[in-house]
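The values are calculated or read from the model by the stated rules, or taken from the named source; none is laboratory data. All values derive from a computational prediction rather than experimental measurement. Glycine also receives a Cβ, built like all others from the backbone with ideal geometry; neighbour counts cover every protein chain displayed.
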Amino acid sequence: MGFAPRVVLLAGLVLLTNWFFIARAHQPRMDLLFAAFILTAQTALFRATQAERLLPRPMAVAGLAMGMAALTKGPLGVALPLAGFALFLLRQRRGWLLVSCEAGLAVAVVLALAFGYLAGVVAVEGWGFVRSVAVDQIWVRVVRSVDLSEPVYAYVPMLAAALLPWSVVLAWLIWRGVSQLGWRGLFAPSRGQPLRCPICGPAFLAVWR
């Protein structure tokens with residue numbers, strides 16, 4: 001994708017210091033493959049925005065990754081990257097790129113993969129198998145409520161705590177706070193934003209449970 005070697009190395013180290021990822025990597029689950037395709041799609045979509053118009057090659061890669069994510073675990077593999085992509089472009093006031101030919105290329109790749117898979121499944125298993133996957137598995141899992149032991153909002157900080165690579169993030173936050181603010185400023189809030197002191201957020205998440 002053309003990222004600098006230092007950026008790629010840091011990204012790998014951040015991922016490998018995430019204990020939640022390490023624990024899940026020991027289990028043969030499709031979620032990791034699903035997440036890998038989504039991450040690839042998001043990276044390609046970001047690279048495609050590094051010019052005045054969207055770059056065709058990264059958009060094609062993004063379409064391929066989104067299509068594979070959708071085939072791995074359903075339409076969220078397309079919805080999640082596209083949602084972030086759309087919000088990013090709208091925030092940059094470049095929303096017109098969402099209806100460009102390059103964006104259409106990514107959609108065309110996704111549809112080619114999806115309809116190619118659909119044609120193969122129908123030819124081998126018939127429409128009954130397609131209905132079983134689309135309705136009995138994907139749709140039912142989306143609309144059926146999940147029984148949780150606690151309210152949904154209780155899981156938001158828990159999820160953040162699970163996903164943050166503490167060994168890298170905390171070290172970086174401390175270094176940044178000390179280098180810019182001094183040791184006393186490490187626990188001081190940013191001006192006008194009292195919840196953004198360098199160490200308060202991670203500390204809150206660490207003791208939430």
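Taken over the stretch 26-37, the criterion of being outside any helix (DSSP H, G or I) and under 17 Å from L71 (Cβ atoms) is satisfied by R29 alone. Could you check, for the stretch 86-101, whether at least one of its residues is crowded, with 16+ Cβ neighbours inside 10 Å, assigned to a helix (DSSP H, G or I), in contact with a Ser or Thr (Cβ under 6 Å, 6 or more places away or on another chain) and not aromatic (F, W, Y)? Scanning the stretch 86-101 turns up no residue that is crowded, with 16+ Cβ neighbours inside 10 Å, assigned to a helix (DSSP H, G or I), in contact with a Ser or Thr (Cβ under 6 Å, 6 or more places away or on another chain) and not aromatic (F, W, Y).
Whether any residue in the stretch 25-45 is under 27 Å from A134 (Cβ atoms) and of a type in the set (S, T, Y) is what I want to check. Yes: one or more hits.
Of all the residues in the stretch 116-149, those that are at pLDDT below 80 and on the phi > 0 side of the Ramachandran plot number 0. A single entry from L113, L97 fulfils the requirement of being at pLDDT 90 or above, closer than 13 Å to A48 by Cβ and in contact with a Leu (Cβ under 8 Å, 6 or more places away or on another chain): L97. State whether the residues of the stretch 5-14 include one that is touching a residue at least 12 places away in the same chain (Cβ under 8 Å), under 15 Å from the mean Cα position of the chain (by Cα) and under 30 Å from M158 (Cβ atoms). Yes, that holds for at least one residue.
Scan the stretch 38-52 and tell me whether some residue there is on the phi < 0 side of the Ramachandran plot, of a type in the set (A, V, I, L, M), surrounded by fewer than 17 Cβ atoms within 10 Å (Cβ to Cβ) and not in a loop (DSSP other than H, G, I, E, B). Yes, the stretch 38-52 contains a residue that is on the phi < 0 side of the Ramachandran plot, of a type in the set (A, V, I, L, M), surrounded by fewer than 17 Cβ atoms within 10 Å (Cβ to Cβ) and not in a loop (DSSP other than H, G, I, E, B).
Residues in the stretch 53-85 that are under 16 Å from C101 (Cβ atoms) and surrounded by 22 or more Cβ atoms within 10 Å (Cβ to Cβ): 6 in all. Being within 21 Å of the chain's Cα centre (by Cα) and without any contact (Cβ under 8 Å) to a residue 40 or more places away in the chain is the filter here, so list the residues in the stretch 93-109 that pass it. Within the stretch 93-109, G95, L98 qualify.
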